[in-house]
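Quick notes on the structure that follows.
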């Protein structure tokens with residue numbers, strides 16, 4: 001097959017010279033969907049190229065890479081790849097376009113509604129009520145709750161089901177535009193079918209998001225445990241080092257100490273655990289304080305033992 005000669009002209013300040021299309025496609029096909037989104041926002045030439053429908057193969061390749069990276073579920077049949085990448089990866093509010101803070105402990109996407117919404121936009125763009133005038137236009141055997149996508153969320157004191165106001169408005173306009181009961185039934189049934197697909201795909205997305213949250217929290221626990229283990233190793237090493245100095249001053253393992261070990265006993269002193277690297281002079285002062293603590297502990301132990309013997 002002959003090599004394509006057409007080229008995409010991109011300003012060199014963007015890091016690209018005049019490259020053949022097949023070379024660009026090869027490069028872009030190794031990216032992830034999030035990368036393509038960012039790339040499309042660098043300049044008009046790249047945006048036109050990345051979002052061109054004839055270059056959909058680079059998006060398909062990106063989502064194949066995304067699957068290998070255990071990213072969000074594949075693009076649903078009712079949405080284009082760039083639009084789905086926006087839903088899955090962008091952090092903008094669909095209402096006010098504010099860049100939202102990412103919390104890895106929370107699934108922030110309203111998957112059924114195709115995006116994220118800030119707390120200020122939720123009350124204005126969503127509703128918990130299905131308008132009576134919309135219900136009256138549904139066929140008599142319709143279950144209103146199944147017609148449009150909805151999302152259940154915990155609210156203060158109760159659980160609520162939300163619908164998008166824009167979905168209701170659009171459907172109301174479609175049903176109001178015809179007086180044919182058969183046409184209204186056709187529109188309603190089509191919307192129910194579309195909603196079923198949206199709900200099914202959104203459920204898969206929620207399972208994926210929940211697994212990512214679990215993975216993140218497990219990773220945090222592993223990091224904390226690794227740090228605790230490292231801190232414990234450092235504390236034990238420091239205790240052995242100090243115990244070695246104290247042994248030179250006549251101290252050693254005694255029965256009254258924790259586990260009968262000097263190094264182990266030292267680790268239970270708060271000022272020992274909180275101490276940092278010390279100079280030679282400060283080390284001597286620190287050791288003097290520990291000797292004073294040990295002497296007091298030994299005296300207290302002997303007094304208790306003497307009281308027990310007398311009893």
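Laboratory data are not the source of any read-out in this text; all were calculated from the coordinates shown. Predicted model, so just to flag it, every value in this text is computed and none were measured. Here the Cβ is made from the backbone with ideal geometry for all residues, glycine too, and neighbour counts use every protein chain on show.
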Legend entry - Radius of gyration and Dmax over the Cα atoms of the chain, both given in Å: 33.5, 105
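Where does the chain land at 222 nm, in deg cm²/dmol rounded to the nearest 500, when only DSSP H runs of n ≥ 4 count, each adding -39500 (n - 2.57), divided by all residues? Please list the in-between numbers first.
On the way: 12 runs with 174 residues, N = 311.
Roughly -18000 deg cm²/dmol at 222 nm, from the helical runs in the chain.
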Inset, instruction - Would you mind checking the tilt of helix 280-310 against the longest principal axis of the Cα atoms of the chain, expressed as 0 to 90 degrees and rounded to 10? - result: 70
Legend entry - Selected from 272, 113, 89 as most flexible by GNM, with the chain as the system and alpha-carbon contacts under 10 Å: 272
Legend entry - Selected from 231, 271, 22 as most flexible by GNM, with the chain as the system and alpha-carbon contacts under 10 Å: 271
Inset, instruction - Just rank 202, 176, fewest to most, by other beta-carbon atoms within 10 angstrom. - result: 176, 202
Inset, instruction - Report the label-to-label distance for residue 305 and residue 161 in nanometres (one decimal), using points 7 Å from each Cα along the Cα→Cβ vector. - result: 7.5
Inset, instruction - Mind jotting down the three principal axis lengths of the stretch 91-212 based on Cα atoms? Whole angstrom, largest first. - result: 49, 29, 27
Inset, instruction - Could you check which residue among 71, 114, 252 shows the biggest mean-square fluctuation in a GNM of the chain with a 10 Å Cα cutoff? - result: 252
Inset, instruction - May I ask for the angle, rounded to the nearest 10°, between helix 56-68 and the longest principal axis of the chain, with both axes built from Cα atoms and the value confined to 0 to 90°? - result: 30
Legend entry - Where a label projected 7 Å from the Cα of residue 181 along Cα→Cβ would reach, residues of the stretch 116-147 with amide N under 15 Å: 136-142
Legend entry - Cβ-based exposure ranking for 90, 120, in which fewest neighbours within 10 Å come first: 120, 90
Inset, instruction - Would you mind calculating the gained length between residue 132 and residue 253 on full extension (0.36 nm times residue separation, minus the Cα-Cα distance), in nm to one decimal? - result: 35.3 nm
Legend entry - Shape parameters for the stretch 228-310, alpha-carbon atoms, Rg then Dmax in Å: 13.7, 46
Legend entry - Proxy reagent accessibility, fewest Cβ within 10 Å first, across 92, 286: 92, 286
